[in-house]
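Heads up, the thing below is written out as structure tokens.
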Amino acid sequence: MDFNPFAVIVCVIIAVILIPVIISRFLTTVDAGTIRLVSRFGGSTSIFKGPGKAIEVPLLTTSTTIPSKAINIDLDIADQTADVDRTGAPKPIKVRVLASAIVSVGDSNEMITTAANKFFSKPAQEQTATLSDLLTSTGRRAVNLLNHDELFSSKAQRDISTLPGAPEVVRAAAAVPVEEDDRLALIIKGACSRELQDLGLVFNSLNIREVQSEVAEARRRQSAVEAKANADIVAADQERRAREAQLGAEQAINDKQRDLDQRKAENAATVAEAEAKKQTALAIQREAELKATQIAQASADAARIRIQAEAAADAEAVKVRTLGAAQADAIRAVNEAIRQGGDAYLALKQLEILPQITPAIAGALANARLVNISGGGDSRGAAGAATDQITGVIQTLLATQLVSGQLRIDNAPLLPDAPDTGKPVKK
């Protein structure tokens, strides 16, 4: 038998192509977020979680895929609370709770199988309606167990045993710690866990977005008003503080401005005082200069006057000495004339002036009350004695005139601008 290399190559190519195709028929890709359920002949089921591969044998196995992602359900719960008045009579308050619940497939194979058979076997719309009805009804029963304040506060305490409702819901409410947040979510979780288990699902969380009620709205409005009032108070307080700060700043500025003005006034007063002192010093200097000038002028005037006085005194002394010398010369001349002429000159002058003085002498003698007493042989009497006295006076007067230059011996006038020496002028 001959070996055909071409046939070997063809067989290898066919094997390379067919083996992967055959293997791919036995291995199925399981994507992330999905679960692959494979049922074999005889009823056993294998579960494969993605991402991964699922082993399937064509014609001998049956497979299906379900999602393993979380399912988000929006809830709108409207019901009444379990509030009572002060007397204990029921006084429910209508509330509306808007929330969103998250559920997912359980982790065990049994729950996955249950979810695939009971929940995911339904259409998608029916799945959403089933979860919404289940969670909404549980939420209403939970709202009936809580009062209004417990929906907003997680620390309200009350006796759960006296509340009406289904036993499982009451037990779920009693199992919720008072300190835990979102008591409604915890009660719903505890109450619907059994129903969700029957569907192969588990409750993950409940997010309460909003709780609406007339009381809450009134309280909200009141809180808004109080908040606005508080905000207004805070704003007014801040405005007051800002105004106080502004006034403080303005006061500080005014103080600084006042200090600056005061400093300017002090500087101006200092400058004015210095200027006044300067003017005073200048006045004193001018006064001193004036006094010095006056003193110098006075000294010069005094010196001038002293010089003038000395000159006048010297002139007067010269004049006096000259006059004295002239008078002495005149007296000497008179004496010489009298010595040469004797009483004849005086007698001649008496005769010249006799016509002028005779009436006066006669009147004087007539008015005089003379008593003649004769004694010693003097025959002239009192009248003669008076006449002799008058003659002596006339002689003395003539001698005085001769001395003063008023009378010339030769009846010649004095030369002009010549000193009166009593001497006759020679022509």
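Points to keep in mind about this one:
- Within region 9-41, considering residues that are modelled with pLDDT of 75 or more and of a type in the set (Gly, Ala, Ser), the one surrounded by the most Cβ atoms within 10 Å (Cβ to Cβ): Ser39
- Reported count of residues in region 54-67, each being touching a strand residue (DSSP E or B) at 6+ places or on another chain (Cβ under 7 Å) and either without any contact (Cβ under 8 Å) to a residue 40 or more places away in the chain or open to solvent by 80 Å² or more (accessible area, probe 1.4 Å) (or both), is 8.
- Candidates are the residues of region 193-223 that are farther than 20 Å from Gln80 by Cβ and of a type in the set (A, V, I, L, M, F, W, C); the one that is surrounded by the fewest Cβ atoms within 10 Å (Cβ to Cβ) is Val202.
- Failed item in (1) open to solvent by 90 Å² or more (accessible area, probe 1.4 Å); (2) part of a helix (DSSP H, G or I), with Ala242 passing the rest: (1)
- Those residues of region 101-128 which are in contact with a helix residue (DSSP H, G or I) (Cβ under 8 Å, 6 or more places away or on another chain), surrounded by fewer than 17 Cβ atoms within 10 Å (Cβ to Cβ) and in contact (Cβ under 8 Å) with a residue 60 or more places away in the chain, in sequence order: Lys118
- Of residues in region 129-138 being of a type in the set (Gly, Ala, Ser) and open to solvent by 40 Å² or more (accessible area, probe 1.4 Å), the one nearest to Ser193 (Cα to Cα): Ser137
The values are calculated or read from the model by the stated rules, or taken from the named source; none is laboratory data. Everything numeric in this text was worked out from a predicted model, so none of it was measured. FYI the Cβ positions are ideal-geometry reconstructions off the backbone, even for glycines, and counts take in every protein chain you see. Protein only, heavy atoms only, side chains kept; ligands, DNA and RNA dropped before computing areas. Shrake-Rupley method; radii C 1.70, N 1.55, O 1.52, S 1.80 Å.
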